[in-house]
Amino acid sequence: MKKTSTVAGILKPRIFWFFNLPRLGTGGKMVTLGIGIVVFMIAMTTLAPFIAPHNPGQINIGPIASPPNTQFPMGTNHLGQDIFSRIISGGAIMMQVAILSVIICITVGVPLGLAAGYTRGIGDRVASLAMDSLYAFPGLVLAIAIASVLGTGVVNLAISIAVVYIPSYFRVVRSQVLSLKELPFVEAVKAAGGSIANILFKQILPNVVPSIAAIASINVADAVLTEAGLTYLGLGPNVSLPDWGWDIFYGKNLFFSGAWWAWTFPGLMIVVLAAGFTFIGEGLSEIWSPKLQEQG
């Protein structure tokens, strides 16, 4: 593996090939599609106050549980709220929670993985044992337990989800550090008297960035689904705020009455958003894999 002196050094060439993504085979097409979906979702929720035909939180705008029609393209829910307006607005909190959780994962998991993989010793054993213990719990069950203790809110939900995924970053980074620290360019820096911080953050970290970016994209997708699950169980954000998870939670009560639109449209939006981030992560993994790098 080639030495990369800085994180910026490894990201700079990636920016140039960003515009050639469709030419990079299946992986490039997946990333392009995923970015298109995510950008569309972000733009939609950002512009929601201007493009939503109705106030998403206002009740009795139309008849209760009215099917899709010309006035309400996606129908209304159990409170007579316009589902179309809630669809446009409902992804904001979900994306905030998902992205913040990944930021927390990177902030905690990456430095721990770097330090544990490089120094080894008792610190590595303790950190690995702690991470393996967290990894052994079913993700959603652990998130439910933490969310129940911390309470609702964007930050608390993000922390609850982040704890579930921090071990993934730790394990990926640690495993790569174990192999990278034995390579000649790292040994050369050691011989020249380079500090541990210099070796970790200027020599090793830049070579781990592609893996971090790929796993982060996939984890955002997982976090979206986890946030929806927590909301469905009543642990989501304030119920007065438009959220796709809440719409599914209340829409399920109309399932047997035949009001399929009350839960179908929010569910589709969650699936599409998660798919967008998944496409990005899987595409990056394919583009940046060592095997493809060698073939390129």
Confirm whether VAL239 is modelled with pLDDT under 85 and of a type outside the set (D, E, K, R). yes
Residue count, segment 221-260, condition under 20 Å from LEU100 (Cβ atoms) and either touching a strand residue (DSSP E or B) at 6+ places or on another chain (Cβ under 7 Å) or part of a helix (DSSP H, G or I) (or both), comes to 15
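The rows are residues; the columns are (1) modelled with pLDDT of 85 or more; (2) under 30 Å from LEU273 (Cα atoms); (3) part of a loop (DSSP other than H, G, I, E, B); (4) touching a Cys at 6+ places or on another chain (Cβ under 8 Å).
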{"residue": "GLU182", "(1), (2), (3), (4)": "no, no, yes, no"}
{"residue": "PHE185", "(1), (2), (3), (4)": "no, no, no, no"}
{"residue": "VAL189", "(1), (2), (3), (4)": "no, no, no, no"}
{"residue": "GLY193", "(1), (2), (3), (4)": "no, no, yes, no"}
{"residue": "ALA197", "(1), (2), (3), (4)": "no, no, no, no"}
{"residue": "LYS202", "(1), (2), (3), (4)": "no, no, no, no"}
{"residue": "SER211", "(1), (2), (3), (4)": "no, yes, no, no"}
{"residue": "ALA216", "(1), (2), (3), (4)": "yes, yes, no, yes"}
{"residue": "ASN219", "(1), (2), (3), (4)": "yes, yes, no, yes"}
Exclusive hit being in contact with a Phe, Trp or Tyr (Cβ under 9 Å, 6 or more places away or on another chain) and either under 30 Å from SER168 (Cβ atoms) or of a type in the set (Gly, Ala, Ser) (or both), set GLY25, GLY34, GLY121, GLY80: GLY34
Within segment 99-122, restricting attention to residues that are among the polar types (S, T, N, Q) and within 28 Å of LEU157 (Cβ to Cβ), which residue is farthest from the chain's Cα centre (by Cα)? THR107
Only listed residue being closer than 25 Å to GLY229 by Cα and surrounded by fewer than 17 Cβ atoms within 10 Å (Cβ to Cβ), chosen from ALA145, ALA192, ALA188, ALA197: ALA145
Are there helices (runs of 4 or more DSSP H) fully within segment 47-121 with at least 2 residues that are crowded, with 19+ Cβ neighbours inside 10 Å and at pLDDT below 90? List them. 92-119
Could you list all residues from segment 122-132 that are closer than 15 Å to LEU178 by Cβ and exposed (fewer than 15 other Cβ atoms within 10 Å of the Cβ)? GLY123, ARG125
Please count how many residues of segment 22-63 are more than 28 Å from GLY283 (Cα to Cα) and of a type in the set (Phe, Trp, Tyr). 1
Looking for something part of a loop (DSSP other than H, G, I, E, B) and modelled with pLDDT under 90 - is there at least one such residue anywhere in segment 158-176? no
Conditions (1) aliphatic (A, V, I, L, M); (2) at pLDDT below 55; (3) crowded, with 16+ Cβ neighbours inside 10 Å -> LEU33 fails only (2)
Kindly list, by first and then second residue, each pair from a residue in segment 262-276 that is among the aromatic types (Phe, Trp, Tyr) to a residue that is not in a helix (DSSP H, G or I), limited to pairs with Cβ atoms under 7 Å and residues at least 6 apart or on different chains. PHE265/MET74
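The values are calculated or read from the model by the stated rules, or taken from the named source; none is laboratory data. Not measured: the values here are computed from a predicted model. Cβ sites come from the backbone with ideal geometry, for glycine too, and all protein chains shown count toward neighbours.
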